Amino acid sequence: MQYSPNEVKLAVAGDGGAGKREVQEMVARLLGLESVPKPADAADALALALCHAWKARLDRAVAAGAGARGTRAPEVGTAPPGLSARIEAALARDSAAGGRAR
């Protein structure tokens, strides 16, 4: 699979034009890290992995017909344990804070 930089930025930071620092901070936030991953290539790799995990989950949901009101997409077997819960918690914190991460 190949993803453009804009696809990765959109998946991780919610903005295809996000800057490198914004993507690094969101990766740290989504994965519950205390600081941004170093070196920068590590943050890029993690952002790409998050993008792929979400894309795979979406593809499975579409293939399974999920998306009807009240259904959830199935878990992706290759996603790290607890990733979905960390993402949902980070998004909830962001929403409670007024969406400042974007």
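Overview of values
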| read-out | value |
| --- | --- |
| Any hit, region 40-53, residues being among the hydrophobic types (A, V, I, L, M, F, W, C), part of a loop (DSSP other than H, G, I, E, B), at pLDDT 90 or above and surrounded by 11 or more Cβ atoms within 10 Å (Cβ to Cβ) | no |
| Filtered residue count, region 16-39, keeping only those that are more than 22 Å from Ala85 (Cα to Cα), out of contact with any helix residue (DSSP H, G or I) (no Cβ under 6 Å at 6 or more places or on another chain) and not in a helix (DSSP H, G or I) | 4 |
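The values are calculated or read from the model by the stated rules, or taken from the named source; none is laboratory data. All figures in this text were calculated on a predicted structure; none of them were measured in a lab. Neighbour counts are summed over all protein chains in view; Cβ atoms, including those assigned to glycine, are modelled from backbone coordinates with ideal geometry.
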